[in-house]
Every structure is written in C-alpha cells, then in structure tokens.
Amino acid sequence: MALMPEGTSPREGIYTRFAIAQDGKPSVEQLELQAELRDKTAEVAAQLNWGAADSREKSLALTHLEEALMWAGKAIFS
C-alpha cells in the first residue's frame, strides 16, 4: 500500500496519490534540487544515447531514466 499522510484513510488517500506534484508553491531548495537532478539525469541520458547502439534496451533505459526523474519530482514536491 502506498504511503499516506498520518490520519488519512485509504479512501481519502486516493486524492493525494493522483495530485499534481507541484500543487502549492515550491521552495527555492525544491526547485534547485529538481534542476540539479534534471541536469544529472540528462547527462546520463546523453552519455547512453551516444555510447550505446540504437536498440530496444537503449530505448527502455532512456524511458526508465525519464520515469526516475518523474518519480523524483513527485518525491521532492509531495
């Protein structure tokens, strides 16, 4: 089961699971962390893109990097 805020029932928690990651005003620290992670992820993606032959595996690796960045954003802003 997904982590929910304390005192939240599973029925109430469904709304937090599908909330937009940046609801509210993000702090400067959150924005800086997101930018740093985005830059580092883009560096890894570029290295993979230029270093590996085009293949299904490369495509999946790039997709999973995108997914990791998405989840990182959700973690930073929630």
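Has the stretch 32-49 got any residue that is of a type in the set (Lys, Arg), at negative phi and either open to solvent by less than 70 Å² (accessible area, probe 1.4 Å) or not in a helix (DSSP H, G or I) (or both)? Checked the stretch 32-49: no residue is of a type in the set (Lys, Arg), at negative phi and either open to solvent by less than 70 Å² (accessible area, probe 1.4 Å) or not in a helix (DSSP H, G or I) (or both).
I'd like to verify a number: residues in the stretch 50-64 that are under 30 Å from Ile14 (Cα atoms) and either touching a strand residue (DSSP E or B) at 6+ places or on another chain (Cβ under 6 Å) or surrounded by 14 or more Cβ atoms within 10 Å (Cβ to Cβ) (or both), how many? Total meeting the criteria: 2. Number of residues in the stretch 15-31 that are modelled with pLDDT of 65 or more and either outside any helix (DSSP H, G or I) or surrounded by 13 or more Cβ atoms within 10 Å (Cβ to Cβ) (or both) equals 8.
Being closer than 21 Å to Lys25 by Cβ and open to solvent by less than 50 Å² (accessible area, probe 1.4 Å), is that true of even one residue in the stretch 65-72? Yes, the conditions are met somewhere in the stretch 65-72.
The values are calculated or read from the model by the stated rules, or taken from the named source; none is laboratory data. Computed from a predicted structure; not experimentally measured. All Cβ positions, even for glycine, are placed from backbone atoms using ideal geometry, and neighbour counts span all protein chains on display. In case anyone asks, the SASA skips ligands and DNA or RNA and just uses the protein heavy atoms, side chains included. Shrake-Rupley method; radii C 1.70, N 1.55, O 1.52, S 1.80 Å.
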